[in-house]
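The values are calculated or read from the model by the stated rules, or taken from the named source; none is laboratory data. What you see is a predicted model; the values in this text were computed from it and never measured. Quick reminder, even Gly has a Cβ in these numbers, built from the backbone with ideal geometry, and neighbours come from all protein chains shown. Note: accessible area is taken over every heavy atom of the protein model, side chains too, but ligands, DNA and RNA are not part of it. Shrake-Rupley method; radii C 1.70, N 1.55, O 1.52, S 1.80 Å.
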Amino acid sequence: MNLQHYLQEQLEFWHGTLDEMVRECDAATLHRTAEGSTANTIAATYAHVVLFEDFFVQTKLREQPATLFEREGWGDRTGAAPSGWPPLQTPEWSAGLRLDPATFAPYAARVYEATDAYLRGLADDDLEATKMGLFRESTVGRMLMAGVYAHAVSHAG
């Protein structure tokens, strides 16, 4: 198994896991906060992971001038505006976000599809190429593992 195939399988698994985690949550569960807690809501964490993947793959890896969210008008359809680019998970943003999974799911699917298409188009040499990430230069393969795969895993708990 090569790195490209491994990353594709891992991303497919974690995309499915994230979607499954929120699929049967009602609005109260998605937006619940515990008394005195500083933890973000499930809704905010899920939206952040998807928005960040869109940002990271489209603008850092593919070097597009804007995200799918911006280019394809997903803000009007999802009602889940990011905190900015990169989409940070601030307490204020988390508290104010009201996510409807039924309207957000098509955007998430579009982001996953775009990431998968990008990854399928990469050769092993492409994964070894270096690019500037958020904080430092790294290989495309490492950026995918850290910025997309590990990011989703870390928020999934």
statement: Helix 101-120: inclination vs the chain longest Cα principal axis, degrees, rounded to 10, gives 10 degrees
- prompt: Say each of Asp126 and Glu35 gets a label point 7 Å from the Cα, pointing the same way as Cα to Cβ; how far apart are those two points in nm?
  reply: 5.3 nm
Approximate spin-label separation Asp116-Glu72, in nm, with each point projected 7 Å along Cα-to-Cβ: 1.3 nm
- prompt: For P(r) over Cα pairs in 10 Å bins from 0, in percent, the listed values are (i) 11, 37, 34, 15, 3; (ii) 10, 29, 21, 9, 8, 7, 6, 4, 3, 3, 1, 0, 0; (iii) 10, 41, 35, 12, 2, 0; which was obtained by calculation from the structure presented?
  reply: (iii)
field: Using alpha-carbon coordinates, inclination of helix 3-23 to the longest axis of the chain, degrees
entry: 10 degrees
- request: Taking DSSP loops as anything outside H, G, I, E and B, show the longest stretch in the chain free of trypsin sites (Lys or Arg not before Pro) there with at most 16 other beta carbons within 10 Å.
  value: 99-135
- request: Counting only heavy atoms of the protein chains, get the accessible area per residue of the range 22-157 (1.4 Å probe) and round it to a whole Å² value.
  value: 51 Å²
- prompt: Using DSSP loop states and a limit of at most 11 other Cβ atoms within 10 Å to flag GluC sites (Glu not before Pro), what is the longest stretch of the chain containing no flagged site?
  reply: 64-157
field: the chain - percent of accessible surface contributed by carbon and sulfur, probe 1.4 Å
entry: 52 percent
field: Amide proton proximity set for Gln64, modelled H, under 5 Å, gap of 5+
entry: Thr59
- prompt: When the helices in the chain are scored as -39500 (n - 2.57) per DSSP H run of 4 or longer and the sum is shared across all residues, what 222 nm value do you end up with, to the nearest 500 deg cm²/dmol?
  reply: -16500 deg cm²/dmol
- request: Evaluate the charge dipole of the range 6-119 about its Cα centre and quote only its size in Debye, nearest 20, assuming +1 on the Cβ of each Lys and Arg and -1 on the Cβ of each Asp and Glu.
  value: 260 debye
